[in-house]
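Quick notes on the structure that follows.
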Amino acid sequence: MDMNAFNVSATLNIFRLLSRPSLCLPHATVSTFNELPIPLNKAFERYKNVDIQAVVLDKDNCFAYPHSNTVHKQYKDNFKRLKEAYPGRRLLIVSNTAGARSIDPAGRLVSEVESSTRVPVLPHSTKKPGCGPEIMEYFRKYPETGVTRPEQIAVVGDRLTTDVMMANLMGSYAVWVKDGVVPPEESSVFARMEHKLAAYLIRRGYEAPEPASPFEG
């Protein structure tokens, strides 16, 4: 096994699902990146007083083909609209490949993705879903983003046990890109298992937790 690719954070946080299965459920679901509503507030109309100031965006199988560092051709128009709605540092790419120090210690992939997308990429020491504190530290460093609370952030990604779970652990909103770039039948066995888990939990009446700072209350 390639230990650099092994996600210790996801493995450890899986145990949290035993006591709180709803941590892997999104607040909104879209089929592909092209169905992502912009601005993101539109995705969360069932919730009150939503104020999305910034977006955290997954890369692989979300807006890019896995291990590609460029925006998937079919998604370029919506990617441009997202950048216009959340300019500058209000849009942040957080990937478990580009920027993950266990895989990209020198930041080569960070530079490649930033060059092709013109969007900042977060270098982080802990992989998703455990890098929420590093994300919040980033937004505290750049107050011009308008982010003062985690519920002002929307996390967009294709994986329930990394992207969506991270959003819920942070107290942010989560958008699940259900189908991604790769057809479901070609996705990993873990991704297919997540689809089945989500369907099972929803049938049992589980819902995503209400976004709020885990440090409040």
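The values are calculated or read from the model by the stated rules, or taken from the named source; none is laboratory data. Since we're looking at a predicted model, the values are computed, not measured. Every residue, glycine among them, receives a Cβ derived from its backbone with ideal geometry; neighbour counts consider all protein chains shown. Side chains included, ligands, DNA and RNA excluded: accessible areas come from the protein's heavy atoms. Shrake-Rupley method; radii C 1.70, N 1.55, O 1.52, S 1.80 Å.
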Worksheet item: From the list N49, N41, which residue is at pLDDT below 95, under 25 Å from T148 (Cα atoms) and out of contact with any Leu (no Cβ under 7 Å at 6 or more places or on another chain)?
Response: N49
Worksheet item: Is at least one residue of the stretch 73-89 part of a loop (DSSP other than H, G, I, E, B) and at pLDDT 95 or above?
Response: yes
Fill in: Pair list, Cβ < 8 Å and 6+ apart or interchain, from the stretch 33-61 residues that are over 18 Å from L92 (Cβ atoms) and in contact (Cβ under 8 Å) with a residue 60 or more places away in the chain to residues that are outside any loop (DSSP other than H, G, I, E, B) and not aliphatic (A, V, I, L, M)
F44/Y173; Y47/Y173; V50/N41; V50/F44; V50/Y173
Practice prompt. State the number of residues belonging to the stretch 177-189 that are in a helix (DSSP H, G or I) and out of contact with any Lys or Arg (no Cβ under 8 Å at 6 or more places or on another chain).
Written response: 3
Item to complete: Mind listing just one residue for me: the one in the stretch 120-167 that is of a type in the set (D, E) and touching a residue at least 12 places away in the same chain (Cβ under 8 Å) and, of those, farthest from A54 (Cα to Cα)?
Response: D158
Practice prompt. Just name the residue that is most open to solvent (accessible area, probe 1.4 Å) out of those in the stretch 64-81 that are free of Cβ contacts under 8 Å to residues at least 40 places away in the same chain and of a type outside the set (D, E, K, R).
Written response: H67
